[in-house]
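Reviewing the structure listed below.
The values are calculated or read from the model by the stated rules, or taken from the named source; none is laboratory data. What you see is a predicted model; the values in this text were computed from it and never measured. Methodologically, a virtual Cβ is constructed for each residue, glycine included, from the backbone with ideal geometry; neighbour enumeration extends over all protein chains shown. SASA here: full protein model, heavy atoms, side chains in, ligands and nucleic acids out. Shrake-Rupley method; radii C 1.70, N 1.55, O 1.52, S 1.80 Å.
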Number of protein chains: 2
Amino acid sequence: MNRFMKLAFTEARKGKDTWKNPQVGAVIVKNQQVLSSGHHETYGRNHAEINALKHLSDISQAEGATLYVTLEPCSHFGKTPPCVQRIVEVGIKKVVIAETDPNPIVSGNGIKYLEDHGVQVENLQQKNDLNVAYRFFHQHKRPLVTIKYAMTLDGKVNQTKGVRSMITNQEVFSDTQELRRQSQVILVGENTFKVDDPKLTVREKEKFPPIRAVVIRDVNSVDLKMQIFQTNEPIYFFSQEKSQRELPENVQVFVDEWTPTKIVQKLTELGMQSLLVEGGSHIQADFLKEKLCDRLIVYLANKVFGQGLPAINGPVANLKFSKPEILLLADNLKITTWRLD
Amino acid sequence: MNRFMKLAFTEARKGKDTWKNPQVGAVIVKNQQVLSSGHHETYGRNHAEINALKHLSDISQAEGATLYVTLEPCSHFGKTPPCVQRIVEVGIKKVVIAETDPNPIVSGNGIKYLEDHGVQVENLQQKNDLNVAYRFFHQHKRPLVTIKYAMTLDGKVNQTKGVRSMITNQEVFSDTQELRRQSQVILVGENTFKVDDPKLTVREKEKFPPIRAVVIRDVNSVDLKMQIFQTNEPIYFFSQEKSQRELPENVQVFVDEWTPTKIVQKLTELGMQSLLVEGGSHIQADFLKEKLCDRLIVYLANKVFGQGLPAINGPVANLKFSKPEILLLADNLKITTWRLD
């Protein structure tokens, strides 16, 4: 990879609170010298290009310089003014991008604006592992759905029905925290919700914490003393019944005869780019049956239960998955596989 | 590792038909020059040391030479005369061994005989991965028990009850063939036997093929047209009832109220060093319940069945397993873990 673009990618990864925005990095170069760099830090704030320009010791340095940026610069007024306008204004001569923006509001328009204003654009069309959910969302017009569970070497997720079993180790716990952090919505089914009484939070306080979603027959059956109500990250209930009670401010109830397809449609309307289905085994089967599983993550504990609840419990569609990626987490295993068709 | 001993290990691995005997390699060295090498080729034939001596251009070369051998030379009359006697006879000055022989008939006696006859002995006490079952058998006085199954990413071994599902790929098939080849006994339960109608053979014809064992309530319920009877490798039936029929010559029926413990005792009496329990999920649970699982091998296919028979089906003992070893077999996974306690 071009060394300046490599640097731009390193910058991009620094953006931790970009939420629905992509992680983007930018580097300004003149005479093969890096003059400045920047990244998109936080949703709603300056884009990477603007930050790189701000980090120049003098804005006049931009005149005739080349801008390396990991994503096509934006051409629209969103939370901030369009970057392309500023790029032209300060006299950047050439823009090298790693890929076009999959967001249809931008896609190609940024490049066109720059070229129309005499800026040379080079598109490296470089595959990269940034912004997986952002890219998926704009390409498929729905959130990336990840199904995740932990099971034993004999495929059990629980030793005794109705009791939560601790299956995996501390390293898996940390990894699932990171997985939650990267998800805009975390969803569980009614049984998992009532048996596990989960918080569904991430340990580190986030600016844009994942929304905690629960699929439930009747929201009125929920005990308001449950752990999920002890913190104020947003909560969605997908319920068949309207709430008869006043609920805390952070709770929203959506009422319908919910199916995975309908839930995903609703989340699409709400602009959610990523959904993590954490359990249990019935709702995960329901998602798999409706072919709503783009990524499957299985944590494998080196234990054998013999009896207990199986991972995935119900008829599923016949899906093909990619060659698995393996990560050894101490004596546990993380298996990641992507749906192929 | 000492380079001559390394060579001896390379030699040892060439022995493919050693069966109940260990794989052993030997190298004869003088003035830092390798004069000859040899390995134990076939159960009942010459040991490695004798082969190495035979490969000298002249037996007088052995006078004053050093012998590197991966296992303590034997001191007893078995299928062949004791190696130590021949070593002394030809004038070997020094013997370097990688480990003492765990077989109590030899263990330490080979070394003692050599030293008593003026041969210097150096024991490197080198851990190695040869002769795992042989070592286990002599240390624990019973065969090494391996439980092996193939399952989907959601822990199912079968999609529809009573019908055999092909779960894994060609690479796994080859790997399980090798696993069978390394086992002295392959065992299945009644249900697997009747549903799968397996041959339980290895593809390449072997001098000492694995014995095919079936646990069954009543041996008289077996259809003699089944595939297992189409080849003449030995067959053991562990049955509660005596056979009322004349059975083929290669079939032996053992009658008792069989449990895994009793089966393992019987195999120990028969001198069997390794047992591969291939299925199904009930008999594997029975073995796990009686703590008769030293090694667990799970092949993981990148499929999701949702419903079907779970891997391991019944109460098991609470066993601890080692950090798993992982092997990627195309888009399938091989997970090997050892019992810790």
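Of note, A:E99 does not satisfy the criterion of being outside any loop (DSSP other than H, G, I, E, B), open to solvent by less than 50 Å² (accessible area, probe 1.4 Å) and over 30 Å from A:P260 (Cα atoms).
With respect to the conditions (1) assigned to a loop (DSSP other than H, G, I, E, B); (2) in the same structural domain as B:E290 (by the TED database), B:V106 falls short on a single one, namely (2).
Residues are listed down the side, and each one gets a yes or a no for (1) open to solvent by less than 20 Å² (accessible area, probe 1.4 Å); (2) at pLDDT 95 or above; (3) not aromatic (F, W, Y):
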site: A:A52; (1), (2), (3): yes, yes, yes
site: A:S60; (1), (2), (3): no, yes, yes
site: A:E63; (1), (2), (3): no, yes, yes
site: A:Y68; (1), (2), (3): no, yes, no
site: A:H76; (1), (2), (3): no, no, yes
site: A:P81; (1), (2), (3): no, no, yes
site: A:I87; (1), (2), (3): yes, yes, yes
site: A:L124; (1), (2), (3): no, yes, yes
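Looking at the structure I just gave you, is A:L333 in a strand (DSSP E or B) and either modelled with pLDDT under 95 or at the interface with another protein chain (Cβ under 8 Å from one of its Cβ atoms) (or both)? So A:L333 passes the test. Only a single item in (1) surrounded by fewer than 19 Cβ atoms within 10 Å (Cβ to Cβ); (2) assigned to a loop (DSSP other than H, G, I, E, B); (3) touching a residue at least 40 places away in the same chain (Cβ under 8 Å) is not met by B:E171, and it is number (2).
Checking each residue in region B:275-286 for being modelled with pLDDT of 95 or more, more than 11 Å from chain A (Cβ to nearest Cβ) and open to solvent by less than 10 Å² (accessible area, probe 1.4 Å) picks out B:L275, B:L276, B:V277.
The set of residues in region B:79-102 being among the small types (G, A, S) and either free of Cβ contacts under 8 Å to residues at least 24 places away in the same chain or within 24 Å of B:D129 (Cα to Cα) (or both) consists of B:A98 alone.
Taking region A:210-222 as the range and being assigned to a strand (DSSP E or B) and under 23 Å from A:R180 (Cα atoms) as the test, the residues that pass are A:I211, A:R212, A:A213, A:V214, A:V215, A:I216.
If you go through region B:115-132, how many residues are farther than 30 Å from B:D331 by Cβ and not in a loop (DSSP other than H, G, I, E, B)? The total comes to 6. Would a scan of region A:130-147 turn up a residue that is touching a Ser or Thr at 6+ places or on another chain (Cβ under 7 Å), of a type in the set (K, R) and surrounded by fewer than 20 Cβ atoms within 10 Å (Cβ to Cβ)? Yes, some residue in region A:130-147 is touching a Ser or Thr at 6+ places or on another chain (Cβ under 7 Å), of a type in the set (K, R) and surrounded by fewer than 20 Cβ atoms within 10 Å (Cβ to Cβ).
Look at B:R203 and say whether it is outside any strand (DSSP E or B) and either more than 14 Å from chain A (Cβ to nearest Cβ) or not aromatic (F, W, Y) (or both). Considered against the rule, which asks whether it is outside any strand (DSSP E or B) and either more than 14 Å from chain A (Cβ to nearest Cβ) or not aromatic (F, W, Y) (or both), B:R203 comes out as yes. Within region A:136-152, identify whether any single residue is more than 20 Å from the chain's Cα centre (by Cα), under 25 Å from B:K334 (Cα atoms) and without any contact (Cβ under 8 Å) to a residue 24 or more places away in the chain, and answer yes or no. Within region A:136-152 (the criterion being more than 20 Å from the chain's Cα centre (by Cα), under 25 Å from B:K334 (Cα atoms) and without any contact (Cβ under 8 Å) to a residue 24 or more places away in the chain), the answer is no, since none of the residues qualifies. The residues of region B:287-301 that are farther than 16 Å from B:K320 by Cα and facing chain A (nearest Cβ under 10 Å), listed by number, are B:L300, B:A301. Scanning region B:152-168 for residues that are open to solvent by less than 10 Å² (accessible area, probe 1.4 Å) and in a loop (DSSP other than H, G, I, E, B) gives B:T152, B:L153, B:D154, B:G155. Within region A:175-202, being open to solvent by 40 Å² or more (accessible area, probe 1.4 Å) and over 17 Å from the mean Cα position of the chain (by Cα) holds for A:E190, A:N191, A:K194, A:V195, A:D196, A:D197, A:K199. Evaluate the following for B:K225: is it at pLDDT 95 or above, outside any helix (DSSP H, G or I) and open to solvent by 40 Å² or more (accessible area, probe 1.4 Å)? So B:K225 fits the description; yes.
Summed over region B:26-63, the residues that are over 22 Å from the mean Cα position of the chain (by Cα) and assigned to a helix (DSSP H, G or I) give a count of 10.
Can B:V264 be described as assigned to a strand (DSSP E or B) and either free of Cβ contacts under 8 Å to residues at least 24 places away in the same chain or surrounded by 17 or more Cβ atoms within 10 Å (Cβ to Cβ) (or both)? When the stated conditions are applied, B:V264 does not pass them.
Restricting region A:1-29 to residues that are of a type in the set (K, R) and open to solvent by 60 Å² or more (accessible area, probe 1.4 Å) leaves a set whose member that is modelled with the lowest pLDDT is A:K16.
Against the definition (more than 10 Å from chain B (Cβ to nearest Cβ), out of contact with any helix residue (DSSP H, G or I) (no Cβ under 6 Å at 6 or more places or on another chain) and on the phi < 0 side of the Ramachandran plot), how does A:D341 come out, yes or no? Yes. The residues in region A:304-327 that are open to solvent by 60 Å² or more (accessible area, probe 1.4 Å) and more than 7 Å from chain B (Cβ to nearest Cβ) can be counted, and the count is 4. When A:Q252 is tested against (1) out of contact with any helix residue (DSSP H, G or I) (no Cβ under 8 Å at 6 or more places or on another chain); (2) among the polar types (S, T, N, Q); (3) part of a loop (DSSP other than H, G, I, E, B), only condition (3) is not met.
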